[in-house]
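Here, each number is a calculation from the coordinates, and none is a lab measurement. As the structure is a computational prediction, the values presented were derived from the model and not from experiment. Here the Cβ is made from the backbone with ideal geometry for all residues, glycine too, and neighbour counts use every protein chain on show.
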Amino acid sequence: MARMKNKKKRLEISEEINIVEAASEAMIFAQIAGFTRVGQHMVATAVSELARNIYLYAMKGEVTIRVLERETNKGIEIVAEDNGPGIADIGAAMKDHFSTSDSLGLGLPGVKRLMDEFGIDTKPGVGTKITVRKWV
Amino acid sequence: MEEEITLSKVGMHVTRDCLVVPIQVELHDELVTQIQEDILRRVKGERLKGVVIDLSGVAILDSVLARGVFDTAQMTSLLGARTVITGLSAGVVASLIDLDFEPGNVPIALTLDEGLQTLEPYVKPKEEPEEAEEPEKEIDQDEKDETDEDEELEGYGKDEE
């Protein structure tokens, strides 16, 4: 498993099946980064939630996964990006059980709990970019 | 991997009036809907009293997929059957907790066998071969010990990797 530092993969999300594909890919990256089985599952679940939001709210977008490396340990970074409607009220979106569609909510608080770092950049009418990281 | 995921049919079988649904592929929305329909149709059509949905082959269960599976369990109760969900891995459980998932009152068991046991008041009891004489066990003690040890080591390796 040498030279994984620059390993990076960009996945398009435009069909429902892409959600599980992205999540499965994230699981492989998490394994490469050295996460335990539980950690791998958590990363994959977070990606599933993020990809689902893209599919549900923006119709299409992309998820980029890469392995991070710092002095003490490795980690994983996921960037979920779309040019969808954006989120008008981030405060509300970060509350549990908030939803604007008929499904079960954005799941963003859950994603935040599954990962170590969470960043969101969104503008109504322009799009949303969510960056999350988790360290081994 | 792609081929495996697009499999829409999940094998199901009936044992002791109970529908056993072992899911050995990663789930996606359409597949959950398909499985849900299959289960409800069979429970109703065959007047089954119990269902075990075994998720031991599932690594990724996000909030929507989990809702689909747990809703299926509750739907079967409206058809007079009881559903147990089994085989949730530690990673799936940890994720569901972080997602603040509410499992409702769906019974959970660790393994498929335990799931069937949970359903025993509702399904046919396990048929014990009454007169079956217990054959003399001739297990080479050394060989047995060796196997156990190997399994244990393998288990550790997986988590540490």
Segments B:70-83, B:18-31 sorted - mean Cβ within 10 Å per residue, highest first:
B:18-31, B:70-83
What is the ratio of the Cα radius of gyration of the stretch B:1-117 to 2.2 N^0.38 Å, with N the residue count, to two decimals?
0.98
How are the Cα pair distances of the stretch A:11-136 distributed, in percent, across 10 Å bins from 0?
14, 48, 30, 7, 0
Could you run the Karplus curve 6.51 cos²θ - 1.76 cosθ + 1.60 with θ = phi - 60° over the stretch A:28-41 and give me ³J(HN,Hα) per residue in whole Hz, x for Gly and Pro?
5, 4, 5, 5, 4, 5, x, 6, 5, 4, 4, x, 4, 4
Show the residues, 5+ positions off or on another chain, whose built amide H is closer than 5 Å to the amide H of B:Thr111.
B:Gly87
Measure off 7 Å from each Cα along the Cα-to-Cβ vector at A:Glu71 and A:Ala88, then give the distance between these two points in nanometres to one decimal.
4.7
Taking 0.36 nm per residue of sequence separation and subtracting the Cα-Cα distance, how much length would be gained by fully extending the chain between A:Lys7 and A:Met59, in nm to one decimal?
16.0 nm
With labels modelled as points extended 7 Å from the Cα through the Cβ direction, what inter-label distance (nm, one decimal) is found for B:Leu110 paired with A:Asp116?
3.1
Just to verify a number: FRET efficiency for A:Trp135 and B:Arg47, C-beta to C-beta distance, R0 = 45 Å, to 0.05?
0.30
The stretch B:2-126, dipole about Cα centre (Lys/Arg Cβ +1, Asp/Glu Cβ -1), debye to the nearest 20
900
Neighbour-count ranking for B:Arg47, B:Arg42, A:Arg133, A:Arg52 (other C-beta within 10 angstrom, fewest to most) reads B:Arg47, A:Arg133, B:Arg42, A:Arg52
Let's test the formula: R0 of 41 Å, r as the Cβ-Cβ distance of B:Ser56 and A:Lys95. What FRET efficiency results, to the nearest 0.05?
0.75
From the phi angles alone, apply the Karplus equation (6.51, -1.76, 1.60; θ = phi - 60°) to the stretch B:103-114 and give each ³J(HN,Hα) in whole Hz, x where the residue is Gly or Pro.
x, x, 10, 6, x, 10, 9, 5, 10, 4, 4, 5
Average partner chain C-beta neighbours within 10 Å, per residue of B:97-104?
5
Could you give the nm distance between label points at B:His13 and B:Glu37, where each point is 7 Å from its Cα heading toward the beta carbon?
2.5
For A:42-53, mean number of other protein chain Cβ atoms within 10 Å
5
Please give the average number of partner chain Cβ atoms lying within 10 Å of the Cβ of each residue in B:47-53, rounded to a whole number.
0
